[in-house]
1. Need at least 2 residues that are under 28 Å from residue 556 (Cβ atoms) per element, so show me which helices (runs of 4 or more DSSP H) inside region 1-97 make the cut, counting only ones lying wholly within it.
2. Name the residue that is most open to solvent (accessible area, probe 1.4 Å), counting only residues in region 247-281 that are among the acidic types (Asp, Glu), farther than 16 Å from residue 358 by Cβ and in a helix (DSSP H, G or I).
3. Condition first: open to solvent by 20 Å² or more (accessible area, probe 1.4 Å), closer than 17 Å to residue 545 by Cα and touching a helix residue (DSSP H, G or I) at 6+ places or on another chain (Cβ under 9 Å). Can you find one or more residues in region 461-470 that meet it?
4. For region 99-136, which positions are outside any loop (DSSP other than H, G, I, E, B), within 21 Å of residue 395 (Cβ to Cβ) and in contact with a helix residue (DSSP H, G or I) (Cβ under 7 Å, 6 or more places away or on another chain)?
5. Does residue 371 fit the bill of being in contact with an Asp or Glu (Cβ under 6 Å, 6 or more places away or on another chain), of a type outside the set (Lys, Arg) and surrounded by fewer than 17 Cβ atoms within 10 Å (Cβ to Cβ)?
6. So, in region 521-531, of the ones that are hydrophobic (A, V, I, L, M, F, W, C) and over 30 Å from residue 411 (Cβ atoms), which residue ends up surrounded by the most Cβ atoms within 10 Å (Cβ to Cβ)?
7. Would you pick out the residues in region 14-53 that are loosely packed, with under 14 Cβ neighbours inside 10 Å and more than 35 Å from the chain's Cα centre (by Cα)?
8. Only one of these conditions is not met by residue 359: (1) over 23 Å from residue 133 (Cβ atoms); (2) open to solvent by less than 40 Å² (accessible area, probe 1.4 Å); (3) among the aliphatic types (A, V, I, L, M); (4) part of a strand (DSSP E or B). Which number is it?
Amino acid sequence: MNIQQLLTQRVSQAMIMAGADKNCDALIKQSAKVQFGDYQANGIMSTAKKLGMPPRALAEKVLQHLDIDDIADKVEIAGPGFINIFLKNSWIAEQNEVALSSDKLNITLPAKPQTIVVDYSAPNVAKEMHVGHLRSTIIGDASVRVLSFLGHNVIRANHVGDWGTQFGMLIAYLEKMENEHANDMELSDLESFYRAAKKHYDEDEAFAEKARNYVVKLQGGDKYCREMWRKLVDITMTQNIATYKRLNVTLSIEDTMGESIYNSMLPGIVADLKQKKLAVESDGAIVVFLDEYKNKEGEPMGVIIQKRDGGYLYATTDIACVKYRYETLHAERILYYTDSRQHQHLEQVWDIVHKAKYVPESLKLEHHMFGMMLGKDGKPFKTRSGDTVKLNDLLDEATERATTLIRNKNPDLTDTELAQVVDAVAIGAVKYADLSKNRTTDYVFDWDNMLSFEGNTAPYLQYAYTRVLSVFRKSNISEDSLSGTINLGTDKERALAIRLIQFDETVSNVAAEGTPHVLCAYLYDIATLFSSFYENCPILTAENENLKQSRLKLASLTAKTLNIGLDMLGIKTVEKM
């Protein structure tokens, strides 16, 4: 049940009956303070201005037509015309019961699921993933998980850079290695392989010439070059998939969509853009000039789609990519998880595909950009020597730190239990530290904060989940056997109960905006509200059996919500810590 949507429908209908037009917006928001009710309708002022009447007078007319007696026991006008809504305890309790009995917590599912392509992670071939890949990978995966939970047909698109000019260099070096009987190598250190290939390219002209020839042959479909190229891609992606599995990320080898997929489309796109007079020749290159983007002299900026030597650029590939996702994958919405530096590039690409009518205006193209991961010095996160931190090295350190932390906290765990808890806490802490920050901003990476059992961290939420489960272990009552009805007799019970049924609104927000930090903040609220409820409302020693069952139901819904919410973020839970 999405309370915000329900109240929006009811209040908007009352506003229309009070004289507003049918497109009026009730602007329903959760109230910031208890004294202002549970929800506020904030749309009266702007509507009253359009109608030329005092806001409070319109608010009074709205209340005359407002029909929410079944869900609210008090409605009042506050300030210049806000409408405060106080929900009925009995209705809140009833919604908690429904959510508890539902596999998906009674979340509102879309009437018509969409086909949504989510572009994320995007590592490079023959290079190990580094911390710069972390944000795209885990924010994109959280979005995928949320959209999939809601029933959308989600297509994961790992847009791998597998078709650049460096492949001639890499193929030539791979051939050299195999000729030297090193064909059993697994490229365990992809960076050293890439550096060695580059060194040969820079220092050996014969090698460089062979590499340049291999680029032409590869793009021309040469069988040998294709086989060598395929080997490089497969070795790289095998290693990346192992990293995804370690990160608890849902990307698989089948989700790899390299730039090479679109190679055959590029000549036709350039020819078509020229035929449509959108692209013209300029200094030997083929360029699309966009009036919407000006240079410092006020002249239209040019987007090169084919170089003088006939080579194509990222813009050409990305134009083909959008076209392919619409025509072949039948996308109705495409989300890109790349850093903010890509924004203008994507905007220009989308401008071109719309001008060329490759996609309809109804196709939603969204850049869910993100900021940078910084060290405590406020600079991009690096090793002490100034090198980029490899992602697996970061996860190794997280595991070491989590092992020490958990051993000290609970020395009684068996080796198997310790391994499970360390994996959940280490990876969860790294992911949550990122996901809990607004993706549009930079954030500071801090080991001490992320592995703390206090504050808005993964360990705190994971521990809160185990704390609820321990209540059921002590009670010897299974969650499936709970009976009776939920009764909200105290403020602590009510505060937890109403926040629990706002899960729907939270998930809806994350699905629309790609903002996992909103879900993190919600789960943190649930954990802290449960802690307050647990300390102030005796559960196992409740005054009577009905109250005990009621409070156990609230505890059960809390555990279920934390478990499902953390899973949406790709963070594991454990039964004890």
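The values are calculated or read from the model by the stated rules, or taken from the named source; none is laboratory data. Note that the structure is predicted; figures quoted are calculated from it, not measured. So basically every Cβ, Gly included, is an ideal-geometry build from the backbone, and we count neighbours across all protein chains shown. Surface areas here come from the heavy atoms of the whole protein model, side chains and all, with no ligands, DNA or RNA. Shrake-Rupley method; radii C 1.70, N 1.55, O 1.52, S 1.80 Å.
1. Filter on region 1-97 gives 3-17.
2. 254
3. No.
4. Within region 99-136, 130, 131, 133, 134, 135 meet the criteria.
5. Values: in contact with an Asp or Glu (Cβ under 6 Å, 6 or more places away or on another chain): yes; of a type outside the set (Lys, Arg): yes; surrounded by fewer than 17 Cβ atoms within 10 Å (Cβ to Cβ): yes.
Criteria met by residue 371.
6. If we filter region 521-531 for residues that are hydrophobic (A, V, I, L, M, F, W, C), which is where we start, we get 521, 523, 526-527, 529-530.
Of the ones still in play, those that are also over 30 Å from residue 411 (Cβ atoms) are 521, 529.
On the way: 521: 14, 529: 20.
Step by step, filter region 521-531, then rank; the result is 529.
7. The answer is 21, 49, 50, 52.
8. It is condition (4) that residue 359 fails.
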